[in-house]
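Worksheet for the structure shown next.
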Amino acid sequence: MNATNRTVVVTGIGATTPLGGDSASTWEALLAGRSGVSTLEQDWAAELPVRIAGQIAVEPTEILPRPQARKLDRSAQFALVAAQEAWKDAGFTAKAGEDTSINPDRLGAVIASGIGGVTTLLDQYDVLKEKGVRRVSPHTVPMLMPNSPSANVGIEFNARAGVHTPVSACASGAEAIGYAIEMIRSGRADVVVAGGTEAAIHPLPIVAFGNMMAMSKNNDDPQGASRPWDVNRNGFVLGEGAGVIVLESEEHARARGATIYAEAVGQGISSDAHHITQPEPSGNGIAAALQNLLGNTDLDPAEIVHVNAHATSTPTGDVGELKALRKAFGDDLDHMAVTSTKSMTGHLLGGAGGVETVATVLALKNRVAPPTINVETLDPEADADIVRGEARPLPAEGRIAALNDSFGFGGHNVVLAFRTV
Amino acid sequence: MAATQEEIVKGLADIVNEIAGIPVEDVKLDKSFTDDLDVDSLSMVEVVVAAEERFDVKIPDDDVKNLKTVGDATKYILEHQS
């Protein structure tokens, strides 16, 4: 299967989300069941069919030095804020090489985004039209390219083992983490900074998603708009932010005395080959990813107690995912507490897999599953144990595992598994 | 009215401060944009565009490579401002 099969662990986490400027405040809000969705008060939003979004709680420009921030697309700003938190949380005191516990040649970065620097692209086109050729920023290309968040994180921490950017729409963040696990497992790197980021709250993406009939138009009830598995769900709510973790070989983590959050057990991947946006209706595509996960790893369905679902609050996707979980796990699904963080954060697209991995890892560490909010009337087709209303304790003793599902337009299915150590 | 050398240095200092975050008092005639003021080749384009607007001068791309120091830029602007 792999060259070395080394065990991979999570040693640092970071996030900046609609719920908080770091992973601790985000986690606190998730446990409390607070929504981060609000009304878009910007002038450009006034005439849009969708006027709600999960907007970032703490502006990255309040944290990053201005000369650095002005050369970064908002998506890269989010990534850098989350990565800095994760790096510090992992116990590193400076960039690789200066902190001698990490060799730059053994450090990688894999940060993904679904859309890339879309606000930079559109803003600079406005500059071109309104102010002319000379005023278009020379930083436009390095800001808008989708590998920019990953490359900037790599530069920040001196990562020379490879910087990568898997792009798979809303599965991008999860695919990045899966790629990072393989980099370590195969021996290419000892430590990888990995996650997802997205900054697409701009009229064009909002209108475009809206015209696909994919978004909730519950403008009068922002906090109730994202309602996975509720009978009255009517589409996703766009969110923005980033989630980043530090992955490390267990051997490397133990040698430097790092605190270990969880084992990153592995990933299961499949592709639907069905339709560019519609999920494969039987759930076979997602089930195949789950079965690949079980086939690729020593994960035992009996130890899985929690699923951080993809569940974006769309009519077909939410129940299709549960059908796939049932198909893959059978009766074992009954002991898995299933939740959707998107009910509170909205859908962070390529950032979702990163933020939801942070939530999954914290659920294992704290042995508690955050709730899904806004499930007033559970869809009768939702055949799983949905954590509704309040957080739920997970088993206090013994080894437990949790999954993070992420799926993307294009038919990408990525499932990540984590486990207590 | 054409800007004086002193006004040009002060203007460049404001621009470099805005773009690279360097304190205005550190922007002096003998300073190299790249080596001393954290202005890379991309940011130099921003400095040039901002200077063109501020001092009503055209600085063609071919001339930008000759502007290594604040003194080079100041002299160029003094000689070319309209």
Value of [θ]222 nm, deg cm²/dmol, for the protein assembly as shown, DSSP H segments ≥ 4, -39500 (n - 2.57) each, nearest 500: -11000 deg cm²/dmol
Average accessible surface area per residue within segment A:346-409, 1.4 Å rolling probe, Å²: 34
Segment A:372-421 shape via C-alpha gyration tensor axes, a/c threshold 1.5: oblate
Partners for B:LYS10 among aspartates and glutamates (Cα-Cα distance below 15 Å; same-chain residues under 8 apart left out): B:GLU18, B:GLU25, B:ASP26, B:ASP30, B:GLU52, B:GLU53, B:ASP72
Size of charge dipole - chain B - debye, nearest 20, with Cβ of Lys, Arg +1 and Asp, Glu -1, no other charges: 180
Partner chain coverage, peptide A:134-146 - average Cβ within 10 angstrom: 3
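From the C-alpha gyration tensor of segment A:266-420, pull out the three semi-axes of the equivalent ellipsoid (sqrt of 5λ each), sorted largest to smallest, in whole Å.
Working through the eigenvalues yields semi-axes of 21, 18, 15 Å.
Per residue of A:70-80, what is the mean number of Cβ atoms on other protein chains within 10 angstrom of that residue's Cβ?
Mean shielding count: 1.
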Apportionment of accessible area to carbon and sulfur, segment A:208-320, percent (1.4 Å): 50
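Highest mean first, what order results for A:93-101, A:380-388 on Cβ atoms within 10 Å?
Per-residue mean Cβ counts within 10 Å order the peptides as A:380-388, A:93-101.
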Relative contact order of segment A:8-256, pairs being alpha-carbon contacts under 8 Å that are 6 or more residues apart, as %: 31
Long-range amide H partners of A:MET215 with built H, under 5 Å: A:PHE236
Kirkwood hydrodynamic radius over Cα pairs of chain A, then Stokes diffusion coefficient at 10 °C and 1.306 mPa s, in µm²/s: 76
Value of relative contact order over segment A:140-246, rounded to a whole percent, pairs C-alpha under 8 Å and six or more apart: 22
Relative contact order for chain A, counting Cα pairs under 8 Å that sit 6 or more residues apart, in percent: 24
Centroid-to-centroid separation of segment A:113-141 and segment A:386-400 [C-alpha atoms, Å]: 46
Protection proxy ranking of A:165-176, A:252-263, A:282-293 - average other beta-carbon atoms within 10 Å, highest first: A:165-176, A:282-293, A:252-263
Inter-chain shielding of B:49-61 (mean C-beta neighbours from other protein chains, 10 Å cut-off): 1
Residues with amide H under 5 Å from that of A:LEU348, placed H, sequence gap 5 or more: A:GLY239
Under-25-angstrom lysine pairs by C-alpha in chain A, whenever the two are 8 or more apart or on separate chains: 9
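Quick one: with all protein chains in place, what share of the accessible area of chain B is carbon or sulfur, to the nearest percent (1.4 Å probe)?
Details: 2320 of 4650 Å².
Using a 1.4 Å probe with all protein chains present, chain B comes out at 50 percent carbon and sulfur.
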Karplus 3J(HN,Hα) series, Hz, for segment B:29-41 with 6.51 cos²θ - 1.76 cosθ + 1.60 (x for Gly, Pro): 3, 8, 7, 7, 4, 6, 7, 10, 10, 6, 9, 7, 4
DSSP H segments from chain A that extend 15 Å or more along their own axis, Cα-based, with Kyte-Doolittle mean of 0.0 or above: A:172-185, A:284-296, A:352-366
Long-range amide H partners of A:GLY196 with built H, under 5 Å: A:ALA112, A:GLY243, A:GLY354, A:VAL355
Over segment B:5-80, volume per residue of the alpha carbon convex hull, in Å³: 74
Antiparallel bridges, percent of DSSP beta bridges restricted to segment A:266-420 (to nearest 5): 60
Phi-based couplings in Hz for segment A:45-61 (Karplus 6.51, -1.76, 1.60; Gly and Pro marked x): 7, 4, 9, 7, x, 10, 10, 9, 6, x, 8, 4, 6, 10, 4, x, 5
Accessible area buried, both sides summed, chains A and B with 1.4 Å probe, Å²: 1100
Rg over Rh, two decimals, segment A:302-346 (C-alpha only, Kirkwood Rh): 0.98
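The values are calculated or read from the model by the stated rules, or taken from the named source; none is laboratory data. All of these numbers come straight from a predicted model, not from anything done at the bench. Glycine also receives a Cβ, built like all others from the backbone with ideal geometry; neighbour counts cover every protein chain displayed. Just the protein is used for accessible areas: all its heavy atoms, side chains included, with ligands, DNA and RNA removed. Shrake-Rupley method; radii C 1.70, N 1.55, O 1.52, S 1.80 Å.
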